Amino acid sequence: MQLSPDDVELILLFIAGWFVIQIVYSFLVLIGGRIITDYFEWAVYEDPPNFFWKCTNFFMYFFFVK
């Protein structure tokens with residue numbers, strides 16, 4: 001079974017599209033990771049004086065630190 005030139009072109013377009021999706025996804029993860037890291041640093045209190053800030057710290061550590 002031989003592939004026609006149209007089939008080869010379709011396969012190459014599929015592979016190129018897959019690579020583009022992977023590059024875009026990695027770029028979005030890079031941006032999203034920076035946003036989450038900045039938000040985590042902003043939302044965690046060093047020495048929380050009250051119960052609300054302690055709950056906020058617990059929430060941030062529970063969901064964002066594994």
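The values are calculated or read from the model by the stated rules, or taken from the named source; none is laboratory data. Fair warning: this is a prediction, and the values are worked out from it, not measured in the lab. As a convention, Cβ positions derive from the backbone with ideal geometry for all residues, glycine included, and neighbour counts pool all protein chains shown.
Results, tabulated for the structure shown:
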item: Residues that are aliphatic (A, V, I, L, M) and within 28 Å of residue 63 (Cα to Cα), drawn from the stretch 1-41; result: 21, 23, 24, 28, 29, 30, 31, 35, 36
item: Pair list, Cβ under 6 Å, 6 or more apart: the stretch 25-44 residue part of a helix (DSSP H, G or I), other residue aromatic (Phe, Trp, Tyr) and at pLDDT below 85; result: 40/64
